[in-house]
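Please read the structure below before turning to the comments.
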Amino acid sequence: MRRLIIIGSGPAGYTAAIYAARAGLKPLVLAGERMGGWLTTTTEVENFPGFPEGIQGPELMERMRKQAEKFGAEVRLASATAVDLSARPFKVTTDEGAEEAEALIIATGSSSRRLGVPGEDKLWGKGVSVCATCDAAFFRGKDVIVVGGGDAAMEEATFLTNFAARVTVLVRGEALKASKPMQDRAKANPKISFEMNTEVVEILGEKRLEGARVKDIKTGEVSERRADGLFLAIGHDPNTKMFEGQLELTKGYVVIKPGSTATGVAGVFTAGDVADWKFRQAITAAGTGCMAALEAQRYLEENEA
């Protein structure tokens, strides 16, 4: 029996673990297959307070993990596969066995959104990727496509220029949604070009990606773009499927009480992107991780088994 289980890592889960561990709760962190969350796929993190020179995403997450473990948190690579929130203690099934806890913090984060077009599944991992920092080195001297117009797309495109010969950014809308500094950096890079009002309708290739069939949204004209790699940067969806029917969800996000991290089930709290559809930043995720740990601590004090 655990007093507290934190499902997920990243800035939210690790911050919750730091606070909970310092409070003596000895939390178990089920970090999942991507220990450290999506920030481990980010290169330079420039906007996390305390690092004026910036810090690599994986290094920031490693520091958070070590800090949580220093205070007594147990971090495991195991992934939660199912939960039972019908009664306390809550039951959590993992790929390594079952666990029980008096309180839960859900920090399962989000997953990359896919296009859902022909060829995507067949060529996934064979030229189609969602992680430039993971796969960019495979495309040294080659031509690649980035799909998306936000900050993530600009970061992916800019990073890819360290390896690729040319990067073409395909944007569905008429304008980029990325912040001005990110736009300016990408536009100033001679290796990056942009195609607006362009939608990918098919990913081409048999054993390896060969390119994409695209449509001009304004004219309806369909044409092909040859490329050796295609990187998706079109957003994320919250990882909340295992909570369907047990917690109230809106568009996949967990509904929480105003001014709180508490869900509709007493003793279950959220942290990070699972309940945040608006900000979705590392620092806001960390902030809600702190809040969730403090609320879980208070709940456990008031509901001693």
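None of the figures in this text is laboratory data; all of them are computed from the coordinates on show. As the structure is a computational prediction, the values presented were derived from the model and not from experiment. All Cβ positions, glycine included, derive from the backbone under ideal geometry; neighbour counts span all protein chains shown.
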Everything considered on the Cα gyration tensor (a ≥ b ≥ c; rounded for a/c under 1.5, else prolate if a/b is larger than b/c, else oblate), region 114-232 must be described as oblate
I need the phi-derived Karplus couplings for region 189-201: 6.51 cos²θ - 1.76 cosθ + 1.60, θ = phi - 60°, integer Hz, Gly and Pro marked x.
7, x, 7, 9, 10, 10, 10, 8, 6, 10, 10, 7, 10
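Which FRET efficiency, nearest 0.05, do residue 207 and residue 248 yield, Cβ-Cβ r, R0 30 Å?
Once the sixth-power term is evaluated, E becomes 0.10.
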Karplus-derived HN-Hα couplings along region 177-183 (A = 6.51, B = -1.76, C = 1.60, θ = phi - 60°), whole Hz, x at Gly and Pro:
9, 5, 5, 4, x, 5, 4
Using the Karplus curve 6.51 cos²θ - 1.76 cosθ + 1.60 with θ = phi - 60°, work out ³J(HN,Hα) for each residue of region 114-131 in order, rounded to whole Hz, and write x for Gly and Pro.
10, 7, x, 10, x, x, 5, 5, 4, 9, 5, x, 10, x, 9, 8, 10, 9
Contour minus Cα-Cα distance for residue 1 and residue 216 (0.36 nm per residue)
71.7 nm
If you restrict to DSSP beta bridges whose two residues both lie in the chain, what percentage is antiparallel, to the nearest 5?
50
Compactness summary of the chain: radius of gyration and Dmax from Cα atoms, Å, are 20.9, 65
If you line up the long axis of helix 57-70 against the longest principal axis of the chain, both from Cα atoms, how many degrees apart are they, to the nearest 10?
10
Strictly under 4.7 angstrom between C-beta atoms: which cysteines of the chain have no such partner?
290
Mind checking region 208-298 for GluC sites (Glu not before Pro) that DSSP puts in a loop (not H, G, I, E or B) and that have at most 11 other Cβ atoms within 10 Å?
221
When DSSP beta bridges are limited to those with both residues in region 114-232, what percentage is antiparallel, rounded to the nearest 5?
45
Net charge around residue 70, counting only other residues with Cβ within less than 11 Å of its Cβ (Lys, Arg = +1; Asp, Glu = -1)?
+3
Residues whose modelled amide H sits under 5 Å from the amide H of residue 204, counting only those 5 or more places away in sequence or on another chain, are 210, 211, 212, 213
Entries of 177/251; 207/251; 91/177; 122/241; 177/218 with Cα pairs more than 30 Å apart:
207/251; 91/177
So how do 217, 7 line up by other beta-carbon neighbours within 10 Å, fewest first?
217, 7
Amide H partners (placed H, <5 Å) of residue 2, local residues excluded:
100, 101, 102
Between residue 283 and residue 187, 0.36 nm times their residue separation minus their Cα-Cα distance comes to what?
31.9 nm
State, to one decimal in nm, how far the label point of residue 134 lies from the label point of residue 195, with both points 7 Å from Cα in the Cβ direction.
2.5
Cα convex hull of region 1-115: how many Å³ per residue?
111
The chain - mean residue ellipticity at 222 nm from DSSP helices (-39,500 (n - 2.57) per run, n ≥ 4, rounded to 500):
-7000 deg cm²/dmol
Enumerate the lysines that residue 180 could reach by cross-link, defined here as Cα to Cα under 19 Å, with residues fewer than 8 away along the same chain left out.
191, 278
